[in-house]
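We did not get these values from a lab; they are worked out from the coordinates using the rules stated. Please read these numbers as outputs of a predicted model, since none were measured by experiment. Neighbour counts run over all protein chains shown; Cβ positions are idealised from the backbone, glycine included.
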Amino acid sequence: MPDIGGIDLFVLEFGDILHYYTPYTTTLFLLALIFTALAIVSRPEGQIDIAFGGDAYYAKETTLPEMRFRRFMAIACGLATMGAMGSGDLFNFTLFASLVGITNVGIVAAVKNRHVLNAAYEYGIVAMVATLPLFGGAALILATTGTLSIPALAAGGFAVPFVGKALLVLGVIGEGMAPFYAAKAEMFRAPGAPYVIMCSLSSLLIFLRVVEIAITI
Amino acid sequence: MIPAYPLGLLVAFASAGIAFFALMRETDGLHRLLLTDLIEVVTLAFIALVGTDLAEALILPGLVVGASELIALSEIYRIKEGYTRPPADSLQIEVMESAPAILAAILVVYGIVLSGFSGGAVAGLGVIFYFLCRDHNERFELIETASGYSWVLWIIAFFVFMIFPEYWFFAVMLAGSAILVKVMAKMSLIGTMRGGPNA
Amino acid sequence: MLIITRISRFVSNFQNLVALFAGACIIISLIGILSLPLAFEEHQLYPKTLDPASSLYPYDRGGVPFGTTEVVAQYPENSPYVGYVTTYLTPLSQYLADHTHYLGTTIVAHPGGIIDEILYNTRGLDTVVETSILFTAFAIASYLYRREEE
């Protein structure tokens, strides 16, 4: 099996679930860590709409409770992404991916804008039904190989069915819309820059991780 | 004879296809939300097909993820459509107004005796019963905070299991009590979240 | 119009999002059906044994409460006390289990006790993430709900 992640730098053991960090996943982990720190310290943007053809403009204010809630969701999203980066267990990884999906919905759901809410709702439906390919893929791999541990699968000797990998990748795409950012464009109308960026960054990171998993196992 | 597992997979894949086809054709927001349940069931079928103790343990997270996303999405749907008032004032059941509060207390105590997940469910039922009977102005934030702290206890119990495995008995008891409070708080909150001002 | 422009225009309309994802899932389901039969691996972790004579049937995990139980874990060396946590019953459930045969079929049954070996010990991180998902979803719902109240 191709080992694209590199050698293990650090292994954290939680019973049957290992967290392991290779140079590849460490890079992704640090990226998530830096952006979570940025989301904690930075203040939200003040978006301004300019009425076309005149001098009038609307300043969109983010109220304090809304800001606090969205910052909480952004931090939770960052933590979930960090968890997904290191996870060495297929089922645990899918759970972290679902957590990223629901925090992404949470980041934009607090906005009092009908249009943003509509987009968040549609996106939330996709994130919800994406649990079928995610859990289905993990369960299929468990049934056909008898293990969920990524290091054990990467060691070789198991015939991982193609459809299992495809289900996993499709599930992660559904949770984060990762390479198809056009689909999330409406959600990004929500004011509050650092938190919205967390949405796209987290989905990109979990997508990069699932590609690595699909190639390794 | 056809082996059971591929046969089960065939049925699961076929029902997944049918469920997604229904979702693809549906355009109404609320109906889409209802159709997601059809898909969640197939998800559980995929896990259950493994048929080991491990699969039994994985079903619970699978179920909880679907249920919790349903809570969040239905609340977003309600806000997005602007439904604020419940159709009727509240439950109009006469026996609920005269029911003694002691029944609720019995349920809560019995739930604590049971402890664990099912204990939390029974105790939560008692709290819902109490709120339904009485004209309540309960403090949502307080219940929420209790739920949050019990979640933290749960996490602590997990780390005791992992870092100090020799104190496993303490961790068992900690996790058991934490899940009792957590399930009770969540059930009572969901049971009283009916929308509208102080409904 | 370039094909990429057309595709991104279709994708950017969020009304099409669910249909698009559902379509992709249908294709994967068809691939899944075509790739059958997939062989079932017989050597599974945490295998299930059914004992119809047990009063906890069908939830009996085997073993003695607070004693050693045989568990096929992925990394047994990481959990030195594996097997100790399983089959714990609360006193009331223990009483019912001793005196009736159908504890496993009622609501007061605690599959594996208040604490389940797999869920809470060896694969405890699963439950931690799962409760975090519930907590997050709950925070979203109650935030939206309480904002309406104000």
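Considering only DSSP states other than H, G, I, E and B, which GluC sites (Glu not before Pro) in segment A:50-152 qualify as loop sites with at most 16 other Cβ atoms within 10 Å?
Numbers: sites: A:Glu61, A:Glu66, A:Glu122; in loops: A:Glu61.
For GluC sites (Glu not before Pro) across segment A:50-152 that sit outside H, G, I, E and B with at most 16 neighbouring Cβ atoms in 10 Å, the list reads A:Glu61.
Any chance you could give the angle, 0 to 90 degrees and rounded to 10, that helix A:131-145 forms with the longest Cα principal axis of chain A? It is inclined by approximately 10 degrees. In percent, rounded to a whole number, the relative contact order of chain A is 27, using alpha-carbon pairs under 8 Å and six or more apart.
Output the peptides C:11-20, A:81-90, A:40-49 sorted from most to least packed, where packing is the average of other Cβ atoms within 10 Å over each peptide's residues.
Averaged packing, sorted descending, gives the order A:81-90, C:11-20, A:40-49.
Among A:Leu64, A:Leu132, A:Leu117, which one shows the highest mean-square fluctuation when chain A is modelled as a Gaussian network with alpha-carbon springs under 10 Å? The residue that fluctuates most here is A:Leu64.
Taking other Cβ within 10 Å of each residue's Cβ, how do A:His115, A:His19 sort, fewest first?
If I rank by nearby Cβ atoms, fewest first, I get A:His115, A:His19.
Amide hydrogen proximity for A:Phe14: with H placed 1.01 Å from N in the peptide plane, the residues at 5 or more positions away or on another chain lying under 5 Å are A:His19.
With a 10 Å cut-off around each Cβ of A:24-34, the average count of Cβ atoms from other chains is 0. Considering only Cα-Cα distances, which of the following residue pairs are longer than 32 Å: A:Lys60/A:Lys165; A:Lys112/B:Lys182; B:Lys182/C:Lys48? Check vs 32 Å cut-off fails for A:Lys60/A:Lys165.
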